[in-house]
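Below is one structure; the comments refer to it alone.
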Amino acid sequence: MKKSKIVKNKKPAAAQKSTKKLTSPPGKGQRGGSAEAGTDPARVAAILAGLDAMYPDAVCELTHANPFQLLISTILSAQCTDVRVNQVTAELYKKYKTPEDFAYATPSELEQEIRPTGFFRNKTKSVMGASQAIVEKFGGVVPRTMEEILTLPGVARKTGNVVLGSGYGIAVGVVVDTHVIRLSNRLDLTHNTDPKKIEQDLIKILPQSKWIQFSHQLIWHGRRICVARKPRCIECKLEQLCYAKDKTV
Ligand code: SF4
């Protein structure tokens, strides 16, 4: 006997009616290009309001006392959890207090000290290279522009956005990490997977005043509720706005 097809994620009629404008996915044939993502300004505003309600105090979870420490912690956070990085830097920053300390460290010692964060040989090169450039080219101060910060060895745009945004409060872009990639696609704010393209898509639809906070909130949401496998949609304040294929309610 032919089984009737189960339609997943169908909302109750009342919910569909009350949120129709904001929750309707783009029509057939519209998907596949970033311009047609679910980026209606009212829908984006509702997503921002939902994130504000869930995470009013979202901040960078890497422990740091200044922009330089944030730069080092961000380099160490590649392929590693913030919790592990914070454990390592709690000791590291007691020994290495200035950019000079890192710039002229003994590589074999530093390698062992940051070993728990993984990829410790490459990270040692990046940490020392960036520190040397800061000492020798920027007077010992982390530069405050994306153009300059991208000249530091081992520093790409994501790190630049973290340091400029959370270290200096300068919004030149949006941090796009693995959580932001996953969630901005689930929320249909982009159809891209390349971080640079996602950042451009987000910059177009978000007010600049939200660029820094939005990425913190999405990262917090991705860690706590909208996790990669089996997101906990029942706890999510964006559920009425979300039509992700892998929703669990
Ligand atoms: S409803 Fe589920 S998939 Fe959609 S944003 Fe919330 S947790 Fe993520």
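A short reminder: the numbers here are calculations on the coordinates, not readings from a lab. Given the structure is predicted, the values throughout are model-derived calculations rather than measurements. Using ideal geometry, Cβ is built from the backbone for each residue, glycine included, and neighbour counts are taken over all protein chains shown.
A few remarks follow.
- Scan of segment 91-130 for residues that are among the β-branched types (Val, Ile, Thr) and under 24 Å from the mean Cα position of the chain (by Cα), ordered by number: Ile114, Thr117, Thr124, Val127
- Matching option when the condition is buried (at least 21 other Cβ atoms within 10 Å of the Cβ) and in contact (Cβ under 8 Å) with a residue 60 or more places away in the chain, among Val142, Val175: Val142
- Scanning segment 208-249 for residues that are closer than 13 Å to Ala58 by Cβ, surrounded by fewer than 20 Cβ atoms within 10 Å (Cβ to Cβ) and near the ligand (Cβ under 9 Å from one of its atoms) yields a single hit, Ile225.
- Candidate set: segment 145-158, residues that are in a loop (DSSP other than H, G, I, E, B) and among the aliphatic types (A, V, I, L, M); chosen: the one surrounded by the most Cβ atoms within 10 Å (Cβ to Cβ): Leu152
- Note on segment 159-249: enclosed helices (runs of 4 or more DSSP H) holding 3 or more residues that are within 17 Å of Thr74 (Cβ to Cβ) and of a type in the set (A, V, I, L, M, F, W, C) are 211-224.
- Subset of segment 216-249 [closer than 13 Å to Ala53 by Cβ and within 14 Å of the chain's Cα centre (by Cα)]: Gln217, Trp220, His221
- Cβ-Cβ distances below 6 Å connect the following pairs, each with a first residue in segment 224-244 that is over 16 Å from Val180 (Cβ atoms), a second residue that is near the ligand (Cβ under 8 Å from one of its atoms) and of a type in the set (Asp, Glu), and a separation of six or more residues or different chains: Cys233/Glu239.
- Candidates Val83, Val88, Val127, Val135 - the one that is within 25 Å of Trp220 (Cα to Cα) and surrounded by 17 or more Cβ atoms within 10 Å (Cβ to Cβ): Val88
- Residue in segment 105-120 that is assigned to a helix (DSSP H, G or I), touching a helix residue (DSSP H, G or I) at 6+ places or on another chain (Cβ under 6 Å) and either among the basic types (Lys, Arg) or without any contact (Cβ under 8 Å) to a residue 12 or more places away in the chain (or both) present: yes
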